[in-house]
1. What do you reckon, is residue A:172 part of a loop (DSSP other than H, G, I, E, B) and at pLDDT 90 or above?
2. I'm trying to understand the selection: among the residues of region B:235-263, which are open to solvent by 30 Å² or more (accessible area, probe 1.4 Å) and β-branched (Val, Ile, Thr)?
3. Looking at (1) open to solvent by 20 Å² or more (accessible area, probe 1.4 Å); (2) more than 18 Å from residue B:291 (Cβ to Cβ); (3) in contact (Cβ under 8 Å) with a residue 40 or more places away in the chain; (4) within 13 Å of chain B (Cβ to nearest Cβ), which is the only condition residue A:106 fails?
4. State yes or no: is residue B:248 basic (Lys, Arg) and either within 7 Å of another protein chain (Cβ to nearest Cβ) or touching a Lys or Arg at 6+ places or on another chain (Cβ under 9 Å) (or both)?
5. Just to verify a result, which residue in region B:299-324, among those that are farther than 27 Å from residue B:188 by Cα and open to solvent by less than 20 Å² (accessible area, probe 1.4 Å), is nearest to the other protein chains (Cβ to nearest Cβ)?
6. Here are the criteria: (1) more than 8 Å from chain B (Cβ to nearest Cβ); (2) open to solvent by 50 Å² or more (accessible area, probe 1.4 Å). Tell me which single one residue A:114 does not satisfy.
7. Out of A:140, A:158, I need the residue that is assigned to a helix (DSSP H, G or I) and more than 15 Å from the chain's Cα centre (by Cα). Which one?
8. Condition check: over 26 Å from residue A:209 (Cβ atoms), open to solvent by 10 Å² or more (accessible area, probe 1.4 Å), more than 14 Å from chain B (Cβ to nearest Cβ) and touching a strand residue (DSSP E or B) at 6+ places or on another chain (Cβ under 6 Å). Does residue A:65 satisfy that?
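The values are calculated or read from the model by the stated rules, or taken from the named source; none is laboratory data. Keep in mind it's a predicted model, so treat the numbers as computed, not measured. Note that we place each Cβ from the backbone using ideal geometry, even for glycine, and neighbour counts take in every protein chain shown. Surface accessibility is based on the protein's heavy atoms, side chains included, excluding ligands, DNA and RNA. Shrake-Rupley method; radii C 1.70, N 1.55, O 1.52, S 1.80 Å.
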Amino acid sequence: MKEEILYIEALNIGYGKGKRSLVVHRDLTATLYRGELVCLLGENGTGKSTLIRTICGFQPALGGDASMNENNLFQLSEKELALLASVVLTDRVIIPNATVEELVGLGRSPYTGALGVLNDEDRQIVASSMEKCKIQHKRKERLSSLSDGEKQKAFIAKALAQDTPLIILDEPTAFLDLPARVEIIQLLRNIVSTLERSVLMSTHDLDLALQMADRLWLLAPGQDLLEGSPEDLLLHNKFQGIFQSRGIEFDNRTGLFRVGYSYSSYLTVQGHGFEYVLLRRAFARKGIRIIHDTQEGRCLLRIEGKKEKPFRFYLDGNLVFSEASIEKTVDLSLKYLESDD
Amino acid sequence: MKRGAGRIPLVIVAAVLLLLSLIIINLVLGSVHIPFREVRSILLTGNSSNIIYENIILKTRFPQTLVALGAGMALGVAGLLMQTLFRNPLAGPSVLGISSGSSLGVAMVMLFTGNILGFTFSSLGAWGDFAVVISSFLGAGIVLILILIISHRIGGSLSVLIIGVMIGYLSSSLVSMLKFYSPEEDVHNYVIWGLGNFSRLAPARAKGFALITVSFSLLSVLLSKSLNLMALGDRYAANLGLRIRRARFYIIVCAGFLTALVTSFCGPIIFIGVAVPHLAKLLIRTSNHIYLVLNAALIGGVTSLLCNLIARLPGMEQELPVNSVTAFIGAPVVIWVIWKRRHENRLE
């Protein structure tokens, strides 16, 4: 039996109270177990951040129940909550002169005395947290001199030092470049797998979430919160419904979004492999659909991978040009296709 | 520059030494030069070969030095508390409108009563001074209570800051109305009060003032854990177990009390409260408020004593008003600090 870390039931989230309240989303029910990485996905405005803030206790729920480690979430004091969940937020933090070590040290606050002085055990936990987050080498650096990715690692180290069963992150990969995104998610994956912590993070990085998350929470306006493993959700075609409202096609096989092209013309291509895939994409952008292998029309593009210039264009069976660059191939082909019309 | 843990004790020790030497220089230098030996024997044994020296030291310089020391420490610490609470480098003791409340209280007494009762306020003498302190403290206290009630009702610190600044404007506008309808002599007195002065207190009261301000400034170290967390922002602080509203209450009470005290007895001293925290942070280069509060207190005392010294440089007939000196000395220092750090491309 998996251990329940967080459980929300029929939760209504939003702002204000009484008659003037604004419900962002209602009737949310989901569970998060120990040792799981859960990604919360949804478009902007569906209430991802509101849900995260409600779970963190930063704003009151407008109805429903939530429990953390079998305690009623809404009856926990700040101090008790600090021992159960740590957070990494999108809030901009500027602390004059603060070093990475000082920031991570603040993560020990729930355990320190009135003046917040760290003892040996605290210092050891701070050091090992920085090590696990691979930010140890920057421990004496000021936060203001770190890159966005390093700063995020420092905040994750702070959350780790807080030593809570659950770590909650609000879009930890926003504003990061691709390598940093991958690194952060790998780091979180690692924390979950080796330290038996649970992680709940909201994100827009669908492809990374599909690969790294144990389970997903999908949030769409006016619909129930869908939860399940990425594979099950793909299997049952759940993503389509979530994103369909915005006219985006979701490809279940690749887990990627497809952009719909409108085609005005076509071209026969013989060949296969990576060159073929790239060529198809480049032509699709120009509104030309590629037809594979059949002989139709007067034009033919053949991919001969072993040649120095693999892209060879034939008109009525005669070689017109050969090219090594896809960009030039597309440009030249367009010219012949136009004159052909 | 030395970095790491070794730097902090170094800075603190240097600041203490600087503070002590400035206290001595403040006693020695002035329109009349009194040798250090004489100063020492007057302060330690209470008598001197020269009765004039004794009078100057005990009745003027010593109380003035004590008041400058206490006021500087209090304003430095109050400014740091406000800058951290509001996470705003431009915040200072005056942002909560407490010194404006003080000024309004004083204006009420100085300008309003005189107007209504038909005599000029300055004719009251010593009773007038007493009334000024009381009214100033009342004005500050009322604003402080108002701010505390608002801060308890409102979630975000930024809203508290904006309301504080607005209350400041409100009091200033009331003061200017009062000024407009008051006799010239009272307005002149009010303006003089507003320029700040470290020498209004009699020796006994000066000791009491210094005792309270210095001890409260140093006691603010007890707020350092809350301050460290507040610097992270309200949400992070709450997540680390801090009860935001209560912590904010204590910080505002502490900063407000220090500001009210200084303003009531010295007038609204400008600049020290904004500039000193920056100097303190720059020198000590840590974000831990245990050291920051301590250093802000020390640097506050140093700055204030330095200004007091310059205000009555030897060779000048009259003492300059404190506020003219604080900004005149302080502003270039802050500009220089920022200019020096321009390559770091950040303002912290």
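1. In short, yes.
2. Within region B:235-263, just B:253 meets the criteria.
3. If we test residue A:106 against (1) open to solvent by 20 Å² or more (accessible area, probe 1.4 Å); (2) more than 18 Å from residue B:291 (Cβ to Cβ); (3) in contact (Cβ under 8 Å) with a residue 40 or more places away in the chain; (4) within 13 Å of chain B (Cβ to nearest Cβ), just (2) comes out false.
4. For residue B:248, the condition - basic (Lys, Arg) and either within 7 Å of another protein chain (Cβ to nearest Cβ) or touching a Lys or Arg at 6+ places or on another chain (Cβ under 9 Å) (or both) - is not met.
5. B:299
6. (1)
7. Of A:140, A:158, the one residue that is assigned to a helix (DSSP H, G or I) and more than 15 Å from the chain's Cα centre (by Cα) is A:158.
8. It is true that residue A:65 is over 26 Å from residue A:209 (Cβ atoms), open to solvent by 10 Å² or more (accessible area, probe 1.4 Å), more than 14 Å from chain B (Cβ to nearest Cβ) and touching a strand residue (DSSP E or B) at 6+ places or on another chain (Cβ under 6 Å).
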